[in-house]
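The values are calculated or read from the model by the stated rules, or taken from the named source; none is laboratory data. Since the model is a prediction, treat every value here as computed from it, not as a measurement. Quick reminder, even Gly has a Cβ in these numbers, built from the backbone with ideal geometry, and neighbours come from all protein chains shown. With ligands, DNA and RNA removed, areas are computed over all heavy atoms of the protein, side chains included. Shrake-Rupley method; radii C 1.70, N 1.55, O 1.52, S 1.80 Å.
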Amino acid sequence: MHFGRFRLGMRTFKTALAVMICILLFHLLDRGSPLIAALAAVFSLRQDLNTSFSFGRSRILGNSIGGLLALIYFYIQAFFENDFYVELIVLPIFVILVIVVSDGIGNNPGIVSAIATMLLISLSIPQGESTIYALNRVLDTFIGTVIAISLNGIVTPPKVEKEKQIKEDLVELKKKEAGLSEMLEDVRKQIEDQSKD
């Protein structure tokens, strides 16, 4: 649906629905704030089930890395009695660690979600809370991710929207193909120039 330059598509609708489900579920379960779950759902929701599942897998791995580091941070903060300098020094080091580990295991699509999970949990744990609180925040990220993936399996876009998405993807692929052709031609020229020397 278009309103001039503005578009209301199925993905927008599903994103709003995922947030609504998170809010409702947390209210019914009296689970507290749905913030982390809702953000996880927004991060994980993609245009179709296959993309959501693929991204969701990266997100779950990222959540695990970020959640584990958030728990380690929780213990370090408790040991140093919630000292500000621990936050100032340890969290940036953990950001580096998330990037290095994620890249090392080939989970580059999950880097941003891992960092977001780690920071959201680490910076939202009130002083004096227990390990259970931190574990529940990690669980919240999984709840949001599962809601997004499930929603994409249940609510599928109409055929017209699928065709439009395919056309948009084809245009992007043609642009990338043209860029690769130019790069290949440049490499050929360099090889020819080197063989002449």
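Remarks
- Extended-chain gain in nm, criterion 0.36 nm per residue less alpha-carbon gap, Ile154 and Ser195: 8.9 nm
- Angle in degrees between helix 131-154 and the longest Cα principal axis of the chain, rounded to the nearest 10: 40
- Note on Ile132 and Glu182: the model spin-label points, each 7 Å out from Cα along the C-beta direction, lie 5.9 nm apart.
- When the solvent-accessible area of the chain is split by element, carbon and sulfur atoms take up 66 percent of it, the probe being 1.4 Å.
- Spatially close lysines, pair count over segment 75-197: Cα under 27 Å, gap of eight or more or interchain: 15
- GNM remark for the chain: springs join alpha carbons under 10 Å apart, and the peak mean-square fluctuation among Asp140, Asp83, Asp103 falls on Asp83.
- Leu68-Val146 pseudo-label distance in nm [points 7 Å out on the Cα-to-Cβ vector]: 2.1
- The distance between label points at Ser124 and Ile23 comes to 1.5 nm (points 7 Å beyond Cα on the Cα→Cβ vector).
- Over the chain, DSSP H runs of length four or greater, each weighted -39,500 (n - 2.57), average out per residue to a 222 nm ellipticity of -28000 deg cm²/dmol.
- Value of relative contact order over the chain, rounded to a whole percent, pairs C-alpha under 8 Å and six or more apart: 31
- Judged by the mean number of other Cβ atoms found within 10 Å, the most tightly packed of the peptides 170-177, 112-119 leads the ranking 112-119, 170-177.
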